[in-house]
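The values are calculated or read from the model by the stated rules, or taken from the named source; none is laboratory data. Nothing here was measured: the structure is a model prediction, and the numbers come from that model. So basically every Cβ, Gly included, is an ideal-geometry build from the backbone, and we count neighbours across all protein chains shown.
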Amino acid sequence: MDRGLRRHHELSTTLRACSLGVLSCLGRCWELWSPRNFAVSREEFHSRHLRPWTWKRKEFESLLSRLQHPRVRDVAWSVLAPGLCCDADATFGHEVFTDAAMKDLLGDVSEGLLALDADPRPLDAWLTSHDRSGSRFVGHYYESLVHFALAELGKVEVALYSEPIPKETKQRNASPAASAGDVVRRFKPPLKTSLDVDFFCSIHEAAFLEGGQLRISFKIKRGRSREAFPLPVEATLTSAQGVRRPASHRPSSPPDSDRMDGHVLFEDVSVSEELEFAYAPGFPAVPLRPTKMRQPIQGEVDYILQPDQSSPQFLHLEVAVKFYLAARDEVATWDDFIAPNPRDILGLKLRHMLSHQLRMGQTPHIRNLLAARVAGNGQRMQSMGISSRLWMNGRLFLAATAPLDETHGRPDSWHTRIPMLSPDLEVGWWCRFRELDRVLPATCRFLVLKKPYWLAPLRGSGGRHADHGRLRTRGELLKEARSWKRFQYVAVLAVDAGGFEEISRGFVVPDEWPQTPRRGRRHSGSRSVSPSSGSSGQQGAPS
């Protein structure tokens, strides 16, 4: 009988624990998916006080409301939030990668984002190991998220990422081992490896030749050994495709010399492979990665994509995330938008992207890298094509001189005066230090945003945000602002008993903004990307 009562008690305890677990889970689901009782919603606040949302903006915000994890929300914002530019401009619109083009490239990634929101570990691992890992720059963080969305969510083949383009050198400085059609990566200082202290090997050049060949130039220096120089007969080239042996080698050494140089040739090598080269048994392998900082470059390309791997057609995609303040009440050109750091002007940035950065995808260096890839895949080089497009995301900000929660007459025709400016972009506010007291709503809470997490609008529960710390009251923020020396990025939050949601955000800048001297910038006389420029009002090409 006692045994039966004990089993009954254990069973009851187990069922009660399971019930509590189910209720807790249901409570969490209700917290995430039930409507929140905020005094004002994001959409309502924007419609009343900033700029009404278009249907495209509403569609994106609907998806974003289903995501909870901050990093996952940032991924969605990076590739699905409507960008700053559209293709309405007849002159330069064709160089814009539109919102529709991004959706076509990625496909429907909404289910993938929801799955990632439930288990963000793949994204966390990606951000930890990415080339831009640990950077506080918003642009670097943004690049890593776009890269994840392309490669992992959209399953788009990324042929090249952040590829540096060496400055063109005069022919007399070129290596005598290189010939026309080579894609050369030089290593300065040379890559070093050795066989104990008997022989020392320096690798100073890797030339990717047409037809998928790789030629590695080396120099061997004698150490303490008096034996014959080791030859690269058993050299190895290791990659994800396996281990290759050399097709040929050609050493040369003057008689009685302590040095020998030459090259070794490998077949069927793709430029995009991660490669390690070992000169001979006993010599440690060295990675054949080009150095980015030790040689002068003329620029980098962000992404070279191959959307269809059966076709040698490539997409060069330049991406940027930018935040600019309207420096005039009636903006008329791209040059009327200035960053919190006043040396950065939207017109200058856009001209640079269109006239310089997009041209990097057509340089001989990039074309040769892709030609070697095409040849390695057995495709016809004659049909290879590269198109270049600009994807620019971010926000623009209106000046605020009165409380944000009061109705304001806001211009809603920027995109008609500046045709390449998207009508679907998100608008925020800005004010100077001395105006903050007049601008802040009394009933909201606030967060001061920390880099690099400036992207998706915030939401959460409790009195803290994982990235930005403690929520401030109006009085607390004003007290904190007395010690500010440089601009700050502030999120305005609606709160209820269950949590908080961002309803708007804006920059608070020093009182003298934008009068800080713009050293090294030439603003006068430059032509605008938009159909109107400066005071001329004339259409012009990028300068």
Legend entry - Count of the range 98-118 residues which are touching a residue at least 60 places away in the same chain (Cβ under 8 Å) and more than 15 Å from the chain's Cα centre (by Cα): 3
Inset, instruction - Return the total of residues in the range 200-226 being closer than 18 Å to S252 by Cα, at pLDDT below 85 and aromatic (F, W, Y). - result: 1
Inset, instruction - Please specify each residue of the range 216-275 satisfying the condition of being aliphatic (A, V, I, L, M), over 18 Å from H204 (Cβ atoms) and either over 37 Å from the mean Cα position of the chain (by Cα) or not in a loop (DSSP other than H, G, I, E, B) (or both). - result: A228, L231, V233, V243, A247
Legend entry - Candidates G211, G299 - the one that is of a type outside the set (S, T, N, Q), in a loop (DSSP other than H, G, I, E, B), within 24 Å of I386 (Cα to Cα) and within 37 Å of the chain's Cα centre (by Cα): G211
Inset, instruction - Would you check which residues across the range 45-86 are over 29 Å from K451 (Cβ atoms), in contact (Cβ under 8 Å) with a residue 60 or more places away in the chain and either in contact with a Ser or Thr (Cβ under 8 Å, 6 or more places away or on another chain) or not in a loop (DSSP other than H, G, I, E, B) (or both) and list them? - result: R48
Legend entry - Considering residues of the range 49-66 that are of a type in the set (K, R) and under 16 Å from R505 (Cβ atoms) only, the residue modelled with the highest pLDDT: R57
Legend entry - Subset of the range 133-149 (residues that are in contact with a Leu (Cβ under 7 Å, 6 or more places away or on another chain) and under 24 Å from D308 (Cβ atoms)): F148, A149
Inset, instruction - Determine whether the range 331-338 contains at least one residue that is surrounded by fewer than 21 Cβ atoms within 10 Å (Cβ to Cβ) and either closer than 30 Å to S387 by Cβ or without any contact (Cβ under 8 Å) to a residue 12 or more places away in the chain (or both). - result: no
Inset, instruction - Being within 30 Å of R244 (Cβ to Cβ) and not basic (K, R) narrows it down to one of L325, L305, so name that one. - result: L305
Inset, instruction - Within the range 430-445, count every residue that is surrounded by fewer than 22 Cβ atoms within 10 Å (Cβ to Cβ) and not in a helix (DSSP H, G or I). - result: 5
Legend entry - Given (1) among the charged types (D, E, K, R); (2) assigned to a loop (DSSP other than H, G, I, E, B); (3) within 38 Å of the chain's Cα centre (by Cα); (4) at pLDDT below 85, index of the condition K188 fails: (2)
